[in-house]
Amino acid sequence: MELTRTVAKRVVQLVIVLLFVTMFTFLLIRLLPGDPTTTIIPFGTDAQRAVLRQDLGLDKPLYEQYADYLTNLLQGDLGKQYNSGRPVADLVTQSLPVSLQLMIYAQFIALFFAIPLGIFTAYRAGTRSDKAINTTGFALLALPNFVLALFLSYFVGAQLKWLPTGGYAPGWMDQFFDSSRTPDLWEHARTLLLPAFTLAVGQIAVYMRLLRSDMIATLQENFITMAKAKGISNQRILWRHALRPSSLTLLTVAGLNVGTLIGGAVVIEVIYGIPGMGLKIYQAVFSKEYVELQSYVVVIAVLFVLVNFFVDFLYSVLDPRIRRARAS
Amino acid sequence: MPELPDTGFGTDAGTAPAQTEAFIADERRGRGNVAGDAGLLQVGAIEAGPESKRRRGSGLGVGAWMAIGWMGFIVLIAVLAKLGILTWGDANESFAACARRGPLADEGGASGFLLGCDSNGRDMLPRLALGAWTSLLVATGAVTLGFIIGGSLGLIAGFSGGKLDTVLTGMFNVLLSVPVIIMALALVAFLQGASGEEGALSPEMILIIAIGVVAIPLIGRITRASSLTWAQREFVLASRAQGAKSRRIMIREVLPNVLPAMFSIALLAIGIAIVAEGALAILGVGVRPPTPSWGNMIALDRGNLFKSPHIVFEASMLIFFTVLSLNFLGDVVRAQFDVRESGL
């Protein structure tokens with residue numbers, strides 16, 4: 001009962017947010033002054049303009065245009081590229097899995113480094129090694145991801161020649177969206193390792209500090225003293241007893257951080273030339289394909305809202321304290 | 001000291017369940033989203049614990065002085081370059097012999113150009129100096145805009161509570177439901193489209209508006225949280241008991257207490273905005289080319305990274321040290337005020 005109410009409330013909020021987000025992207029194009037078609041396709045011919053005018057339904061009242069826009073979105077019609085005539089939906093199914101894989105790898109790499117570092121710094125809180133790691137983390141936070149991307153592709157890619165500095169090979173996810181793309185996992189891993197690592201570095205510092213502060217609090221709990229009194233080894237106490245109760249905030253933040261990762265991934269993809277959503281956005285901006293750009297923005301925004309919704313929802317299901325606070 | 005230290009703090013005592021909910025939600029969202037794409041403010045929320053406390057009266061450390069020195073240096077150079085007082089040469093003059101040559105380039109350095117030249121043979125030194133002006137102008141402009149609008153809304157939301165608070169918080173959340181870089185990118189692209197080829201708005205102004213608008217909900221939410229805790233303190237109640245009007249209480253009692261914390265957020269936010277300018281430039285929507293900014297210098301010569309890395313690296317290092325200094329100063333400022341808030 002309590003849970004159904006929470007869920008219902010969240011779903012209503014979700015729908016409202018989605019309406020606002022789609023309205024924002026919808027208005028982006030319609031609010032262009034003058035004849036929008038001259039701005040949207042500055043290089044277009046008169047015939048292309050006429051098509052666009054009809055596609056956008058500019059002669060109809062605004063609310064009707066919005067209704068049409070929403071209907072099209074729900075049917076998966078994202079408009080088309082006016083220079084080539086290709087449907088944007090096709091471009092999205094090509095590029096979305098690329099970005100998703102990059103983000104998943106980055107998240108794993110970040111947690112892979114952040115969890116041991118967080119545990120270690122909490123265990124050694126206040127010591128010289130703790131301070132050294134924290135200072136490094138602080139410095140890494142000031143390192144913009146595009147700067148790191150350029151550094152790594154120069155030193156690791158161009159000087160040491162360990163890894164390629166660009167390109168992409170399909171991975172395990174691409175075939176679900178387009179069956180003609182057979183996976184080449186070795187090349188896939190090689191091309192995505194640097195970008196994923198670049199994207200992860202910024203997160204490592206954030207996650208590590210989160211885990212550290214929660215872990216320090218947990219280590220002062222009575223059950224830890226109890227475990228120590230029983231003579232359980234430090235390793236086991238840290239990994240088996242203290243990690244789980246300390247990791248709730250970390251996991252939530254990791255989930256809610258998808259927005260940060262999307263933003264980061266967009267820039268990183270442009271630098272490494274990975275054909276994901278970010279590179280597509282860059283190309284759309286470059287060739288002034290406003291309809292295409294609008295569709296990418298709406299796809300990313302909707303995905304982001306949905307992911308946040310599910311993370312939030314899972315969190316409130318998993319943690320009874322939040323559930324009760326919400327319901328009251 | 002106007003408030004009595006021994007009464008404890010109103011933030012824990014006497015909060016209704018609804019507010020507890022708000023706190024929990026804010027705490028979690030705050031950690032997740034407030035940070036924006038650079039992920040800096042998050043750490044602010046975390047590090048505000050007792051560990052980051054610095055002893056009062058111990059003075060500023062070496063690091064803080066270095067950060068202040070660096071920022072002073074950059075601001076000075078930027079202003080002098082803008083005013084044309086620096087006689088380092090013209091930022092837009094091309095020297096064909098010097099193109100792409102610099103300390104790190106394959107072809108070797110060019111004498112007379114300390115930091116080398118970019119791909120068009122323009123001297124890096126005046127360009128970096130003028131770029132500092134552009135980057136700082138865009139960043140501080142955007143943060144100022146964000147604070148004027150987001151800060152006021154957040155202050156009102158946190159102070160007045162009730163329906164107004166719900167509406168404003170809801171508005172912030174809706175604005176934050178699009179990833180910030182994507183939102184800023186969309187705004188710049190369409191503002192550029194809207195202002196036409198010649199431009200009703202200067203490219204810098206467009207960036208200021210776009211980054212500023214994105215900053216509004218971020219700053220608004222932080223200000224709201226701060227304003228909410230101060231609005232529940234005893235001296236606010238005392239002022240109300242004396243018959244002061246809400247607006248007076250908000251401006252005279254709450255605002256002065258919210259401001260110091262906001263100052264540290266502003267320093268972090270300027271750092272984030274500098275990075276955002278760079279990211280937008282790389283995505284192709286930065287400041288228009290003849291005008292240098294750190295971001296568009298990187299974006300323009302990204303393609304020459306392997307042959308002439310100095311162009312990209314010089315601008316990158318400036319961004320890195322500036323953001324590092326701003327983060328550090330933000331941290332120092334926060335630590336100073338933490339003492340006042342929790343050490344009594």
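Throughout, read-outs are computed from the coordinates displayed, never taken from laboratory work. Just so it is clear, the model here is predicted, and its values are computed rather than measured. Reconstructed Cβ throughout: ideal geometry from the backbone, glycine too, with neighbour counts over all protein chains shown.
Considering Cα pairs under 8 angstrom that are at least six residues apart, work out the relative contact order of the stretch B:188-298 and quote it in whole percent.
Normalised by residue count, the contact order of the stretch B:188-298 is 25 percent.
Pick out, in residue order, every one of the chymotrypsin sites (Phe, Trp or Tyr not before Pro) in the stretch A:122-185 that is DSSP loop and has at most 13 other C-beta atoms within 10 Å; say none if there are none. The partial results should precede the final answer.
Numbers: sites: A:TYR123, A:PHE138, A:PHE146, A:PHE151, A:TYR154, A:PHE155, A:TRP162, A:TYR168, A:TRP172, A:PHE176, A:PHE177; in loops: A:TRP162, A:TYR168, A:TRP172.
Passing sites in the stretch A:122-185 are A:TRP162, A:TRP172.
Given Cα pairs under 8 Å that are at least 6 residues apart, what percent is the relative contact order of chain A? The partial results should precede the final answer.
Values: 348 pairs, mean separation 88.6, N = 328.
That works out to 27 percent.
Compute a Gaussian network model of chain A, connecting alpha carbons closer than 10 Å, and tell me which residue from A:LEU306, A:LEU56, A:LEU74 fluctuates the most.
Result: A:LEU74 has the largest fluctuation of those listed.
Too long at a 31 Å Cα-Cα cut-off: which of A:LYS80/A:LYS161; A:LYS288/B:LYS163; A:LYS131/A:LYS161; A:LYS280/B:LYS307?
A:LYS80/A:LYS161; A:LYS288/B:LYS163; A:LYS131/A:LYS161
Only Lys, Arg, Asp and Glu count, each charged at its Cβ (+1, +1, -1, -1), so figure out the dipole size of the stretch B:186-291 about its Cα centre, rounded to 20 debye.
Here the stretch B:186-291 has a charge dipole of around 760 debye.
Using just the helices of chain A, give the 222 nm mean residue ellipticity in deg cm²/dmol: DSSP H runs with n ≥ 4 each add -39,500 (n - 2.57), and the total is spread over all residues, rounded to 500.
-23500 deg cm²/dmol
Taking the dipole about the Cα centre of the stretch A:177-247, with the C-beta of Lys and Arg at +1 and of Asp and Glu at -1, give me whichever of A:ALA200, A:HIS188, A:MET215 is farthest to the positive side.
A:MET215
Enumerate by residue number the GluC sites (Glu not before Pro) in the stretch B:185-254 meeting two conditions: DSSP loop (anything except H, G, I, E, B), and at most 14 other Cβ atoms within 10 Å of the site's Cβ.
When the GluC sites (Glu not before Pro) of the stretch B:185-254 are filtered for loop state and at most 14 Cβ neighbours within 10 Å, B:GLU197, B:GLU198 remain.
For A:LYS80, enumerate residues with amide H under 5 Å from its amide H, sequence gap 5+ or separate chain, H modeled in the peptide plane.
A:VAL88
Under 5 Å between amide H atoms, partner at least 5 residues away or on a different chain: which partners does B:VAL287 have, H built in plane at 1.01 Å?
For B:VAL287, the qualifying residues are B:ASN296.
Based only on other Cβ atoms within 10 Å, what is the fewest-to-most ordering of A:TYR63, A:TYR282, A:TYR290, A:TYR207? Spell out each step's value before the answer.
Working: A:TYR63 8, A:TYR282 22, A:TYR290 25, A:TYR207 28.
Neighbour counts put them in this order, fewest first: A:TYR63, A:TYR282, A:TYR290, A:TYR207.
If you fit an axis through the alpha-carbon atoms of helix A:46-56 and take the longest principal axis of the Cα set of chain A, what angle between them do you get, 0 to 90°, nearest 10?
The helix A:46-56 is inclined about 60 degrees to chain A.
Just to check I understand the Karplus step: with θ = phi - 60° and J = 6.51 cos²θ - 1.76 cosθ + 1.60, what whole-Hz values come out for the stretch B:262-267, glycine and proline as x?
Result, ordered by residue: 5, 4, 5, 4, 4, 4 Hz.
Using θ = phi - 60° and the Karplus curve 6.51 cos²θ - 1.76 cosθ + 1.60, what whole-Hz ³J(HN,Hα) does each residue of the stretch B:165-180 get, with Gly and Pro shown as x?
Taking θ as phi minus 60°, the curve returns 4, 4, 5, 5, 4, x, 5, 4, 5, 5, 4, 7, 7, 10, x, 4 Hz for the stretch B:165-180.
Under 5 Å between amide hydrogens, which residues at least 5 positions from B:ARG101 or on another chain qualify, with H placed 1.01 Å from N in the peptide plane?
B:CYS117
Just to confirm my numbers, what's the Cα centroid distance between the stretch B:235-284 and the stretch B:147-172 in Å?
The stretch B:235-284 and the stretch B:147-172 have Cα centres spaced 12 Å from each other.
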